[in-house]
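Heads up, the thing below is written out as structure tokens.
The values are calculated or read from the model by the stated rules, or taken from the named source; none is laboratory data. Being a predicted model, the structure only gives us computed values, none of them experimental. Backbone-built Cβ (ideal geometry, glycine too); neighbour counts: all protein chains shown. Protein only, heavy atoms only, side chains kept; ligands, DNA and RNA dropped before computing areas. Shrake-Rupley method; radii C 1.70, N 1.55, O 1.52, S 1.80 Å.
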Amino acid sequence: MQSSAQFLQPPATPLPPKQIQSTTISKCIKFSRRELAISTSSSVLLLLGSQAIEPLNLSRARADELPPGNTDKTEPEQEPSRKMEYCSNQNVTKKAFLEVSVDGEPIGRIVIGLYGDSAPFGSSRFSNLVSGAAGVSYGRKDFVRIMPNYVQHGGLRSYGVDAELAKNTGRTMAIDNLVDEWEKQSEMCQGTKNVATSVSLIVRDPSKPPPKMKLVARGGKLEIDQEEVGKDVNGTEFTIALKDSPELDTSALVIGSVLEGMDVVEKLGQVKTVKENTSSPYFRAAKLIGDKRAVVAERGFNRPYSKVKITNCGLME
């Protein structure tokens, strides 16, 4: 009877619909803090991802909308091509020759091609000094420095006979135009300008120390004047590069290159010279305190023991 009574019990009363919904919702929203944090961060990442992709899709859509012949596209600058054209415009407009001797013994001839298009002032200065049109020439003048990468000619003096002869022909040794060409060359051409076989005019002296102030007596009065150690260059010294010489790019204007006779230049590079003594503590101390004797000694470094002269020079047709 008890078992039948159990079966005869009335069924449980059903819950109202609102209570069922609240019970279901309460069961569904039971999340742990960790699960809630993960779901929140995931939602933020999805939101940011959609915002990042949207500009990309927008730009693609705009690109698709642009017609093939649209003129709104930015044109590439012509400056790099103009620089390349300037640097590669090394047309030989004139040829010059130098005949060199060491201690009176001829060692050969050097033929130089001048770049009259890219360096008109520099090539004109060199050709006038080679031909003698400037009233004075490189003839009987010495090479004064022989470095591992290049040889350097001493050029003409800014005073004395050389200056007087140049003045008589109306020529000047001003280097303003040469400096302008050097600045343009430095700006337009990237990389090493003074490569092997290059011929260059020295237009500035980067190693020249700054001027010092001193008191001088003039007309019974004391005046402040500048005392400069060393002389300014006059644009007549030139170098011939045995190897790539980036150290010359800060002071030398490339005006041409050797066409024939690099073996002669290599012979010049083998002449024995005065060794540098910059590691000496005495030299370092003298240089540090501004002793003029250190400056004079430094000028003697790398000078050839032998007399290396240009015995003859001129232009070739």
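Quick one: in region 145-167, which of the residues that are in a loop (DSSP other than H, G, I, E, B) and of a type outside the set (Lys, Arg) is modelled with the lowest pLDDT?
Quick first cut of region 145-167, residues in a loop (DSSP other than H, G, I, E, B) only: 147-149, 154-159.
Going one step further and asking which of them are of a type outside the set (Lys, Arg), we end up with 147-149, 154-156, 158-159.
Working: Met147: 94, Pro148: 94, Asn149: 96, Gly154: 93, Gly155: 93, Leu156: 89, Ser158: 75, Tyr159: 72.
Out of the qualifying residues, it is Tyr159.
Can Ser123 be described as closer than 22 Å to Met188 by Cα, modelled with pLDDT of 85 or more, in a loop (DSSP other than H, G, I, E, B) and in contact with a Phe, Trp or Tyr (Cβ under 7 Å, 6 or more places away or on another chain)? Working first, answer last.
Details: closer than 22 Å to Met188 by Cα: yes; modelled with pLDDT of 85 or more: yes; in a loop (DSSP other than H, G, I, E, B): no; in contact with a Phe, Trp or Tyr (Cβ under 7 Å, 6 or more places away or on another chain): yes.
So Ser123 fails the test.
Taking Ala96, is it hydrophobic (A, V, I, L, M, F, W, C), buried (at least 18 other Cβ atoms within 10 Å of the Cβ), modelled with pLDDT under 95 and within 21 Å of Thr311 (Cβ to Cβ)? Full working, then the answer.
Working: hydrophobic (A, V, I, L, M, F, W, C): yes; buried (at least 18 other Cβ atoms within 10 Å of the Cβ): yes; modelled with pLDDT under 95: no; within 21 Å of Thr311 (Cβ to Cβ): yes.
So Ala96 fails the test.
Take Glu183 and decide whether it is in contact with a Gly (Cβ under 8 Å, 6 or more places away or on another chain) and either open to solvent by 40 Å² or more (accessible area, probe 1.4 Å) or closer than 15 Å to Phe238 by Cα (or both).
Numbers: in contact with a Gly (Cβ under 8 Å, 6 or more places away or on another chain): no; either open to solvent by 40 Å² or more (accessible area, probe 1.4 Å) or closer than 15 Å to Phe238 by Cα (or both): yes.
Criteria not met by Glu183.
Do you know which residues across region 103-119 are more than 18 Å from Val258 (Cβ to Cβ) and either open to solvent by less than 60 Å² (accessible area, probe 1.4 Å) or in contact with a Lys or Arg (Cβ under 9 Å, 6 or more places away or on another chain) (or both)? Break it down into steps so the answer makes sense when it comes.
Quick first cut of region 103-119, residues more than 18 Å from Val258 (Cβ to Cβ) only: 103-105, 117.
Listed by number, the residues that qualify are Asp103, Gly104.
Do any helices (runs of 4 or more DSSP H) lying entirely in region 257-317 carry at least 2 residues that are under 24 Å from Lys141 (Cα atoms) and among the acidic types (Asp, Glu), and which ones are they?
Working: elements: 262-269, 281-288, 292-300.
Per the criteria, 262-269.
Just to verify a result, which residue in region 253-286, among those that are surrounded by 16 or more Cβ atoms within 10 Å (Cβ to Cβ) and at pLDDT below 95, is nearest to Gly300 (Cα to Cα)?
Phe283
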